[in-house]
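Read the figures in this text as sums done on the coordinates, not as results from a lab. Predicted model, so just to flag it, every value in this text is computed and none were measured. With ideal geometry, Cβ positions are generated from the backbone for all residues, glycine too; neighbour counts draw on all protein chains shown.
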Amino acid sequence: MYRQMVLIRHFEELALKLRQEGLIHGVVHSYSGQEAIAVGVCANLRTTDRIVSNHRGHGHCIAKGADIKRMMAELFGRRDGYCKGKGGSMHIADFDVGMLGANGIVAGGLPIAAGAAVAAQLEGSDAVAVGFFGDGATGEGPFHESLNISALMKLPVIWVCENNQYAGDTPIEQGLAARSVADLAAGYDIPGKAVDGNDVLAVYAATREAVRRAREGAGPSLLECKTWRRHVHAQRDVPPPDRRPPDLMAYWEARDPIPAFEIYLQQCGFLNADQMADVRLSIDRDLDEAVAFADASPYPAPEDALEDVFAP
Amino acid sequence: MTTLSYAAALESAMSEEMRRDSRVYTMATSPSPALLAEHGPMRVKRMPISEATMTGIAVGSAGCGYRPVVHWGSVTFAFMAFDQVVNQACKIRYMFGGQRDFPIVFRARYGNGTRSAAQHSQTGYALYAHLAGLKVVLPSGAADAKGLLKSAIRDNNPVVCFEAGRGEALEEEVAEDDALVPIGVASVKRPGTDVTIVALGYMVYPALAAADELAAEGTSVEVIDPRTLVPLDVDTIRKSIHKTGRLIVVDESAPICSMASEIMAVVAEDWDTCRKLRAPVRRVCMPAVPVPFSPPLEDFVLPDQARIAGTVRELLGYS
């Protein structure tokens, strides 16, 4: 889990840098700061379990086992990217590891996650689905529809809200009338739990219980993971100003999930400082390889734009 | 052969395909009792009135290997799910580089002429035809309804099947065997030599009636039912114009950016066909107004036999 969290952090910081240098095209929504959630949730999942992500999807891809080389190539718009350069940052998917795609429409992925759970039910397997979404998605109709339908059909799905407090520029208290996202679960008669989304072990434990219920056929759960994104909502050519209050930024910076986990690992004697430095070094080597792989991959031929619309 | 109504033909396509392939399942807010009795609630799902999420569930489960059929009811309600169609179903295969296929059928009743007022009287199919990544079928009669719905269920892409509300009770001979109607192939409903009428969906019937009326005057009208809007069988339409030199498209929709406009564009872009025209092309559409409720108002705006026949006579005057 530690390695994955650091990998996501370094991947994301590198992606922002490469975006500014112009090697990565388009918009990048950085997952930096929210690593404990993707990692804590996905540590409970098998390859046969499926997740659906949102626009801030790199962390979910990595945590579900996607290959960082093919991810980087996709961000570069190259032929060897996961989507052959047709998706980019907001649409990375790896169906072979159960990552059914990042998704650029707020709450748009939640019905798709419900569909993955319906598929698990039709298969008669004990596979589960996870729908990741931000606090902003609670304003969308399909969020409420998906909760309702998953409860009615007892779908094996875990709804994971990554409440990073701000939907774009809008603080959650101006976007949601309920006191908390987790409270909404009661309206649909499903378990709802709020946890510290910067505490990977808390996220892991809460997800383990929700996954157990889902595998046993007891239906969906809603998990609200309170967290903070370290960067502006979206990185573009000219990044928009970050209008979040500085005191809140400082509050959350002091609660960064990675140093917190490092202290825990050291105190318990699981990893010492040297071992952590080794992890970081090996991750940076892997990232160098991913960038080299992406850079060596050719751009797709222009006429490839006409392929893949329809199945044969 | 057996005689079936349009609605019964669609139902029989559903039940045959569900028997044939266990991956086919269906979601509806009011599922067919016969289908439910035969296949049970796991494969015939009764859903709350949540068109968007029903549609997204279809996308998600199709990506996991299932072949969902979503019954939107009327196209009126399908607009609640428009985001899931436009942004997900149409684009997901392409955006993900063809990693998976998304075999989904969306069924939507459409049409006018039932005194149901503006929200429940519309065609909508041009909106869906415009979206890259979606096939659109529009059967006019029972045999095509059964054959096209069966083909749509077996297709590996999202397909919207537009079902004529006014035609539900119309009966037709339908083959009892596995008679598929291929997607993308038009049907010449009546051969003729003087004027080509391309009639969409239920408009085939007033077009055929107008052709009968004109035959008595010595005018030979060819009536073409495209049956599929995406992909459109352009060749059959162009070939007919080579013979007749005159084109009318009958579409019970507003004319702006309509399928009628699209059909005219594919004719105009082909010089070999264009140079064969002996008269201007004509759209017989609705005026660009919402469909009104009161019978004389609704009858005034909808294309009918008299307007179609009158337009044919007008075009004959050009040679």
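By the compact-protein rule of thumb, 2.2 N^0.38 Å, the alpha-carbon radius of gyration of chain A corresponds to a ratio of 0.97. Find me the longest stretch of chain B that has none of the exposed GluC sites (Glu not before Pro), where exposed means in a DSSP loop (not H, G, I, E or B) with at most 15 other Cβ atoms within 10 Å. Value returned for the longest uninterrupted segment is B:1-175.
Taken over chain B, the convex hull of the Cα atoms encloses 132 Å³ per residue. Which Cα, out of B:112, B:88, B:44, lies furthest along the positive dipole direction of the stretch B:35-194 (beta carbon charges, K/R +1, D/E -1)? With unit charges placed on the Cβ atoms, the residue in question is B:88.
The distance between label points at residue B:49 and residue A:202 comes to 4.1 nm (points 7 Å beyond Cα on the Cα→Cβ vector). Note on chain B: GNM, Cα springs under 10 Å; of B:137, B:266, B:223, the largest mean-square fluctuation is that of B:266. When both the stretch A:101-140 and the stretch A:243-284 are represented by their alpha-carbon centers, they are found 30 Å apart. Spatially, the stretch A:295-312 and the stretch A:24-99 are offset by 20 Å when compared through their Cα centroids.
Label sites at residue B:293 and residue B:19, each approximated as a point 7 angstrom past Cα along Cα to Cβ, lie 4.4 nm apart.
Charge dipole (Cα centre; +1 on Lys/Arg Cβ, -1 on Asp/Glu Cβ; no other charges) of the protein assembly as shown amounts to roughly 100 debye. Any idea which of A:178, A:245, A:101 is furthest toward the positive side of the dipole for the stretch A:2-296, if Lys and Arg beta-carbons carry +1 and Asp and Glu beta-carbons -1? Value computed over the given set: A:101. Other residues lying with their Cβ under 12 Å from the Cβ of residue B:314 contribute a combined charge of +4, Lys and Arg counting +1, Asp and Glu -1. Compute the label zone of residue A:216 within the stretch A:115-131: residues whose backbone N is under 18 Å from the point 7 Å along Cα-to-Cβ. Residues passing the 18 Å test: A:125-129.
By Kyte-Doolittle mean hydropathy of at least 1.0 and Cα axial length of at least 18 Å, which whole DSSP H helices of chain A are selected? Could the numbers behind the result be given before it?
Working: long enough: A:2-21 (28 Å, -0.45); A:109-123 (21 Å, 1.18); A:200-215 (22 Å, 0.12); A:273-296 (34 Å, -0.08).
Counting only whole DSSP H runs, the qualifying helices are A:109-123.
What is the Cα centroid distance between the stretch B:40-94 and the stretch A:177-197, reported in whole angstrom? That distance is 27 Å.
Report the trypsin sites (Lys or Arg not before Pro) located in the stretch B:74-141 that are in a DSSP loop and have at most 15 other Cβ atoms inside 10 Å of their Cβ, or state none.
B:115
Considering helices alone, the calculated mean residue ellipticity of the protein assembly as shown at 222 nm is -12000 deg cm²/dmol, with DSSP H runs of length four and up weighted by -39500 (n - 2.57) and normalised per residue.
Report, please, the projected area of the stretch B:87-205 averaged over directions, based on the convex hull of its C-alpha atoms, in nm². Walk me through the numbers before you get to the answer.
Values: hull surface 37.4 nm².
Result: a mean projected hull area of 9.4 nm².
Applying 1/(1 + (r/R0)^6) with R0 = 60 Å to the Cβ-Cβ distance of residue A:177 and residue B:275, what FRET efficiency is obtained, to the nearest 0.05? Mind dumping the intermediate values first?
Numbers: r = 65 Å, r/R0 = 1.08.
Calculated value: 0.40.
Using a Gaussian network model of chain A whose springs link C-alpha atoms within less than 10 Å, name the residue from A:30, A:150, A:282 with the highest mean-square fluctuation. The residue with the greatest mean-square fluctuation here is A:282.
Set the Förster distance to 56 Å, then compute FRET efficiency between residue A:236 and residue B:220 from the Cβ-Cβ distance, nearest 0.05. Spell out each step's value before the answer.
Numbers: r = 62 Å, r/R0 = 1.11.
Given R0 = 56 Å and the Cβ-Cβ separation, E is 0.35.
Based only on Cα atoms, what mean projected area does the convex hull of the stretch B:187-316 have, in nm²?
7.5 nm²
Could you tell me how many degrees, from 0 to 90 and to the nearest 10, lie between the Cα long axis of helix B:259-268 and the main elongation axis, the longest principal axis, of the Cα atoms of chain B? Helix B:259-268 and the main axis of chain B meet at about 60 degrees. Taking the inverse of the mean reciprocal distance over all distinct Cα pairs, the Kirkwood hydrodynamic radius of the protein assembly as shown comes to 26.6 Å. Highest GNM mean-square fluctuation among A:43, A:116, A:178, for chain A modelled with Cα contacts below 10 Å: A:178.
Once you list every other residue whose beta carbon is under 11 Å from the beta carbon of residue A:116, what net charge do they have if Lys and Arg are +1 and Asp and Glu are -1? Each step should come with its number before you reach the end.
On the way: positive: A:50; negative: A:49, A:123.
Result for the neighbourhood of residue A:116: -1.
For the stretch A:2-296, the dipole from Cβ point charges (+1 on Lys and Arg, -1 on Asp and Glu) about the Cα centre works out to 400 debye, to the nearest 20.
Seen from residue B:36, the other residues with C-beta closer than 13 Å to its C-beta sum to a net charge of +1, counting Lys and Arg as +1 and Asp and Glu as -1.
One chain, two ends: residue A:289 and residue A:267. Fully extended at 0.36 nm per residue, the span grows by 4.6 nm beyond their Cα-Cα distance. Calculate how steeply helix B:234-244 sits against the longest principal axis of the alpha-carbon atoms of chain B, using the helix alpha-carbon long axis, and give the answer as 0 to 90 degrees to the nearest 10. Helix B:234-244 sits at roughly 20 degrees to that axis. Exceedance of the 22 Å cut-off in Cα-Cα distance is limited, within the set B:45/B:91; A:154/B:45; A:154/B:146; A:84/B:91; A:17/B:91, to B:45/B:91; A:154/B:146; A:17/B:91. Here the label points at residue A:79 and residue B:265, each 7 Å from Cα along the C-beta direction, are separated by 3.2 nm in the simple model. Rounded to the nearest angstrom and listed largest first, the equivalent-ellipsoid semi-axes of the stretch B:2-174 from its Cα gyration tensor are 23, 20, 15. Percent of C-alpha pairs per 5 Å bin in the stretch A:166-312, short distances first: 2, 7, 9, 11, 13, 14, 14, 13, 11, 5, 1, 0. Against the main long axis of the alpha-carbon atoms of chain B, helix B:51-62 sits at an angle near 70°.
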